[in-house]
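J.: This structure is in structure tokens; I'll ask about it shortly.
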Amino acid sequence: MIIDCAVYENGERRDGAVPLENALDAAQADNAFVWIGLYEPTEEEFASVAREFELHPLAVEDAIHAHQRPKIETYGETVFMVLKTARYVDPTEVITLGDIMLFVGEHFIVTVRHGEGSSLKGVRERMESDPEMLRCGPGTAVHAIVDRVVDDYFPAVEGVQNDIDEIEQQVFSESRANPAERIYKLKGEVLDFYRATSPLMEPLQRLARGDYEFLVHPHVQSYFRDVHDHLVKIVSTLDGFRDMLTSVLEANLTQVSVRQNDDMRKISAWVAIAAVPTMIAGIYGMNFHYMPELRWHYSYFVVLAVMLTVCGGLYRYFKKVGWL
């Protein structure tokens, strides 16, 4: 569906609704452009937009079906850009990824959003409150959208950081729980997040160094450099998360092995202690008529005393060496 369709001229939004079929013609004046925002359009809904702005069929197919890696491509005088949004869901420890596709020309920008992350309503309102930036053309809208998407990465990174801290405490606590499955799943989420962000670095570099002068006003290029710096920080942090989770997983496996060995030592120690009275009782439980001490008045008490003494000595020994 079409969320909004507006024409901006000299940094101001024109009053009144603009029909789609007249949007591009209305933005042909100098220092004017049209911004059309769509949310999860079907092929039929997007067909009229594609015809109006003469969008390339391959880019249109990517915009409709989504699930593309971040990239920037040029089709004639139109630039096609793909962004991945990220939203952290705390209860399930999942990072939900979405897509924003941008079609940008000299006098237009078409945004196609898939998923729940990074709503563009606030971006449009913030831009409309800054006429000076809007006068720089549709490249300003591209920057504002990319900046919003990258800024939304930080809460997701913070959520992952909190989960890693919790896992580290759990691994090195006295708890007998094994968080291996949680670590493995979180590592997969981090890997997907890394794949969704790292490919965006190259397109932002190209925008920052002025590879698209017909699209990005020189005044806006420095702002892209700032967004690129933020993205570098995000990507390097995620790369560190991957290494950290690998180390935590290895530490957890080591802890499990240590606990298993500790359990086996305790079991072995108690088995050794129990073997002494079992052996003595087994000997005196044999039904032989001629056995020494059978008719001695104090034999029962002596045998009990021997059992307790030996078992007590073994218990003290195993306690001393850390087996109990």
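The values are calculated or read from the model by the stated rules, or taken from the named source; none is laboratory data. Since this is a predicted model, take the numbers as computed values, not measurements. Using ideal geometry, Cβ is built from the backbone for each residue, glycine included, and neighbour counts are taken over all protein chains shown.
J.: From VAL271, VAL302, VAL310, grab the single residue that is free of Cβ contacts under 8 Å to residues at least 60 places away in the same chain and touching a Phe, Trp or Tyr at 6+ places or on another chain (Cβ under 9 Å).
T.: VAL302
J.: Something else: Test PRO292 against the criterion of being surrounded by 13 or more Cβ atoms within 10 Å (Cβ to Cβ) and either at pLDDT below 85 or within 30 Å of PRO131 (Cα to Cα) (or both), and give yes or no.
T.: no
J.: If the requirement is being charged (D, E, K, R) and within 22 Å of PHE103 (Cα to Cα), which of these qualifies: ASP211, ASP243?
T.: After applying the criteria, what remains is ASP211.
J.: Related question: Tally the residues that are at pLDDT 90 or above and farther than 20 Å from ARG225 by Cβ, restricting the search to region 115-158.
T.: 4
J.: Quick one: VAL34 ticks every box in (1) hydrophobic (A, V, I, L, M, F, W, C); (2) farther than 30 Å from SER198 by Cβ; (3) part of a helix (DSSP H, G or I) except a single one, so which number is it?
T.: (3)
J.: Please tell me if MET279 is at negative phi and not in a helix (DSSP H, G or I).
T.: Answer is no for this residue.
J.: Take the residues of region 115-129 that are free of Cβ contacts under 8 Å to residues at least 60 places away in the same chain and in contact with a helix residue (DSSP H, G or I) (Cβ under 9 Å, 6 or more places away or on another chain): which is farthest from ILE36 (Cα to Cα)?
T.: The residue in question is GLY117.
J.: Please verify whether THR92 is β-branched (Val, Ile, Thr), in the same structural domain as TYR153 (by TED's automatic domain parsing), assigned to a loop (DSSP other than H, G, I, E, B) and on the phi < 0 side of the Ramachandran plot, treating the condition exactly as stated.
T.: yes
J.: Looking only at region 250-278, which residues are surrounded by 12 or more Cβ atoms within 10 Å (Cβ to Cβ) and among the hydrophobic types (A, V, I, L, M, F, W, C)?
T.: The answer is ALA251, LEU253, VAL256, ALA269, TRP270, ALA272, ILE273, ALA274, ALA275, VAL276.
J.: Please pick out the residue among VAL60, VAL82, VAL110 that is in a helix (DSSP H, G or I), among the hydrophobic types (A, V, I, L, M, F, W, C) and out of contact with any Leu (no Cβ under 6 Å at 6 or more places or on another chain).
T.: That would be VAL60, the only listed residue that is in a helix (DSSP H, G or I), among the hydrophobic types (A, V, I, L, M, F, W, C) and out of contact with any Leu (no Cβ under 6 Å at 6 or more places or on another chain).
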